[in-house]
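Notes for the one structure printed next.
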Amino acid sequence: MRTHYSIKINQGMDGEEVKLAGWVHEIRDLGNLKFLVLRDREGFIQITAKKGETDEKVLRLIDSLSKESVIEVKGRVKKNEKAPRGIEIFPVEIHILSKADSPLPLDVTQKVDADMDTRLNNRFMDVRKPHISAIFRIRSRIIKAGREFLLGENFIEITSPKIIASASEGGTDVFPISYFNREAFLAQSPQLYKQMMMSTGLDRVFEIATYFRAEEHDTRRHLNEVSAFDLEMAFIRDEEDVMNVLEGLVLAMIKEASLCERELSVLKQEIEVPKKPIKRLNYEHVLELLAREGKEIPWGEDLDTESEKLLGEIMRDQGEDIYFIKGYPTDAKPFYTMPKDEKHSRAFDLGYKGVEISSGGQRIHDYNLLAERLEFHNIERENFTFYLKSFRYGMPPHGGFGLGIDRLMMQLLGVSIREVVLFPRDRHRLTP
Ligand code: ATP
Ligand code: MG
């Protein structure tokens, strides 16, 4: 329908005939002069109609337009230093493709602020705002960068089932669903499946996965449906091999975000790309750092929200936005976690500006040890028979991680997780 997006029109095209299509962002009627601002995916352009010069039919149609209606415009490009970007369109024909009702549920021009609930209830209109759509363009770019990085590192992209028979991470935070006459669950992660892949010979796999988590959180960093880069790799020496891949992946994604110039300028943001190598802190060292600031965490416990944030501040003062925490206590981590010694494991977390964005580690590949750990965690072995079986007939040493895309996005832009997910799912929100 269009020959150009608005942004492609420039002064050099003076006199050319073009076709544009998009939404009526604003209408200004000065009697003899009528201005329309047309908005499309890439930007805005002014359409100027004049009594006496513009066709009567076109003038009448402009009078009948409502804001946010979708129109198609055929017109001539005109240089005009007074118009935005020094150009305007002289309309020859305008067609209404879809008329918008009024009043509008949300003000796209942002003269009126809306609260988050109103915005999410009208997300289809919220995303029409350039600084909101910029978020999802950046998101698309970092996902592309992540995928390309991993394919470049010889990983194979897989798809694992989301309807499963037992909780993949253990625990109770699963959504039960009815599967014909049986109970099933929505997958908390591809954990069991990507580990089974390690015994197939496909060595290195990843998935851009959806996690379903029935956690009753009410925070700015938790949702019940999450997107993540989920990865597993075999023939590793230890967790450091996995951390190296995560380091490469996350830095490639942040770098790509930093290159989204137009989007970042709309958002009035800059993104600093952390330098390699990412600091690798031991769990004990982290406890010390926190204790020095007056925050005592008993050995063996996971960091709570407050200490994660405090650690972010401590690291920021040392010039580090992003950092690994490794050597976690084994019992604080899931059943599949490889122990390093009596108390410590080969599990790690990745923190970014005070929020965990990834967890991973080396996994247990020994059948007997795995069975033992299931028992330790009070997880019924019967539910895991299909998984355990893959450890009995040749399972190489392996490890992996899950990197939350929503979490990474929110930390990149310093916003709530609800800002970076199109249609977020939380305890109170199931629509739209
Ligand atoms: P947290 O302790 O921060 O709630 P987790 O340790 O339960 O997260 P993992 O099972 O380690 O989460 O999942 C791997 C990654 O997936 C996390 O580091 C995070 O980036 C993302 N993630 C997991 N659960 C959520 C959630 N409910 N909301 C948003 N992101 C999540
Ligand atoms: Mg975690």
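No lab work stands behind these numbers, since they all come straight from the coordinates. Owing to the predicted nature of the structure, the values given are computational and were not obtained by experimental measurement. As a convention, Cβ positions derive from the backbone with ideal geometry for all residues, glycine included, and neighbour counts pool all protein chains shown.
The set of residues in segment 350-368 that are in a strand (DSSP E or B) and either within 7 Å of ligand 1 (Cβ to nearest atom) or among the aromatic types (Phe, Trp, Tyr) (or both) comprises TYR352, GLU356, ILE357, SER358, SER359.
Check whether at least one residue in segment 64-86 is outside any strand (DSSP E or B), small (Gly, Ala, Ser) and in contact (Cβ under 8 Å) with a residue 60 or more places away in the chain, and report yes or no. Among the residues of segment 64-86, at least one is outside any strand (DSSP E or B), small (Gly, Ala, Ser) and in contact (Cβ under 8 Å) with a residue 60 or more places away in the chain, which makes the answer yes. Could you tell me whether ARG39 is farther than 16 Å from VAL73 by Cα and part of a strand (DSSP E or B)? Judged against the criteria, ARG39 is not a match. The sole residue among GLY360, GLY400 that is under 21 Å from SER166 (Cβ atoms) and either in contact with a strand residue (DSSP E or B) (Cβ under 8 Å, 6 or more places away or on another chain) or within 16 Å of ligand 2 (Cβ to nearest atom) (or both) is GLY400.
So that you can scan it fast, the table gives a plain yes or no per residue for (1) buried (at least 23 other Cβ atoms within 10 Å of the Cβ); (2) closer than 24 Å to ARG429 by Cα; (3) of a type outside the set (Phe, Trp, Tyr); (4) within 11 Å of ligand 1 (Cβ to nearest atom):
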| site | (1), (2), (3), (4) |
| --- | --- |
| LEU186 | no, yes, yes, no |
| GLN195 | yes, no, yes, no |
| THR200 | no, no, yes, no |
| ARG204 | no, no, yes, no |
| TYR211 | yes, yes, no, yes |
| GLU216 | no, yes, yes, yes |
| GLU225 | no, yes, yes, yes |
| ASP230 | yes, no, yes, yes |
| GLY248 | no, no, yes, no |
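Pairing residues of segment 214-228 that are free of Cβ contacts under 8 Å to residues at least 60 places away in the same chain with residues that are within 14 Å of ligand 2 (Cβ to nearest atom) and part of a loop (DSSP other than H, G, I, E, B), at Cβ distances under 8 Å and at least 6 apart in sequence or on separate chains, gives ALA214/ASP173; GLU215/ASP173; GLU215/HIS222. Taking the numbered list (1) surrounded by fewer than 21 Cβ atoms within 10 Å (Cβ to Cβ); (2) out of contact with any Phe, Trp or Tyr (no Cβ under 6 Å at 6 or more places or on another chain); (3) part of a helix (DSSP H, G or I) in turn, ARG407 passes all entries but (1). Residues that are assigned to a strand (DSSP E or B) and more than 15 Å from ligand 1 (Cβ to nearest atom) were ranked within segment 321-349; the one that is farthest from TRP299 (Cα to Cα) is PRO339. Take segment 70-101 and flag every residue that is of a type in the set (Gly, Ala, Ser) and either surrounded by 18 or more Cβ atoms within 10 Å (Cβ to Cβ) or under 18 Å from GLU17 (Cβ atoms) (or both). GLY75, ALA83 - these are the residues of segment 70-101 that are of a type in the set (Gly, Ala, Ser) and either surrounded by 18 or more Cβ atoms within 10 Å (Cβ to Cβ) or under 18 Å from GLU17 (Cβ atoms) (or both). When restricted to residues that are within 16 Å of ligand 2 (Cβ to nearest atom) and polar (S, T, N, Q), segment 165-223 contains 5. Of the residues making up segment 152-190, those that are touching a Phe, Trp or Tyr at 6+ places or on another chain (Cβ under 8 Å) and not in a loop (DSSP other than H, G, I, E, B) are ILE156, GLU157, ILE163, ILE164, PRO176, ILE177, PHE185, LEU186. The helices (runs of 4 or more DSSP H) found entirely in segment 191-299 that carry 2 or more residues being more than 22 Å from ILE314 (Cα to Cα) are 191-197, 239-258, 261-267.
Pull out all pairs, ordered by first then second residue, where Cβ-Cβ is under 6 Å, the residues are six or more apart or on different chains, the first lies in segment 357-374 and is under 10 Å from GLY400 (Cα atoms), and the second is hydroxyl-bearing (Ser, Thr, Tyr). So the pair list comes out as GLY361/THR337; ARG363/TYR336.
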